[in-house]
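Undergrad: Here it is, the structure in full.
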Amino acid sequence: MEDIDKTKEQLINELIKLRKKIAKLESAKISHKLAEKQLVKSEELYRLIAENTSDVITLHDFNLQATFTYISPSIKISGYEPEELLGKSPLDSF
């Protein structure tokens, strides 16, 4: 049905539905921005802990060789720089 054939009440109802959809989209956008901010804050906290602990923290890409994707700076105690080991497997002999 074309808009010209619709009654004023039908057009108003459609307008109300569209406004509700817009409100939902805006609410979702705000929720998404809030979630992004929380994620950034969480990542900053994790990085602060990981980079300042004396424990060695590593992340691995679990492909066939489980290669290092992150190594905390505390690895320096063992005589290695984190950059030396990135992309290598803990199963390799160094």
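The values are calculated or read from the model by the stated rules, or taken from the named source; none is laboratory data. Here the structure is a predicted model, which is why all the values come from computation and not from measurement. Neighbour counts are summed over all protein chains in view; Cβ atoms, including those assigned to glycine, are modelled from backbone coordinates with ideal geometry. The protein model used for the area step is the full one, side chains on, heavy atoms only, and it has no ligands, DNA or RNA in it. Shrake-Rupley method; radii C 1.70, N 1.55, O 1.52, S 1.80 Å.
Undergrad: Kindly indicate whether any position in segment 45-67 is modelled with pLDDT of 95 or more and open to solvent by less than 90 Å² (accessible area, probe 1.4 Å).
TA: Checked segment 45-67: no residue is modelled with pLDDT of 95 or more and open to solvent by less than 90 Å² (accessible area, probe 1.4 Å).
Undergrad: Filter segment 68-89 down to residues that are in a loop (DSSP other than H, G, I, E, B), open to solvent by 50 Å² or more (accessible area, probe 1.4 Å) and in contact with a Ser or Thr (Cβ under 8 Å, 6 or more places away or on another chain), then give me how many there are.
TA: Total meeting the criteria: 3.
Undergrad: Which one is farthest from the chain's Cα centre (by Cα) among residues in segment 41-67 that are among the small types (Gly, Ala, Ser) and in a loop (DSSP other than H, G, I, E, B)?
TA: My answer is SER54.
Undergrad: Can you work out which of the residues in segment 1-44 that are of a type in the set (Val, Ile, Thr) and over 30 Å from SER72 (Cβ atoms) is most open to solvent (accessible area, probe 1.4 Å)? Quick ask: steps written out before the conclusion?
TA: The initial filter retains those residues of segment 1-44 that are of a type in the set (Val, Ile, Thr), namely 4, 7, 12, 16, 22, 30, 40.
Now restrict to residues that are over 30 Å from SER72 (Cβ atoms): 4, 7, 12, 16, 22, 30.
Numbers: ILE4: 145, THR7: 75, ILE12: 80, ILE16: 79, ILE22: 92, ILE30: 116 Å².
By that ranking, first place goes to ILE4.
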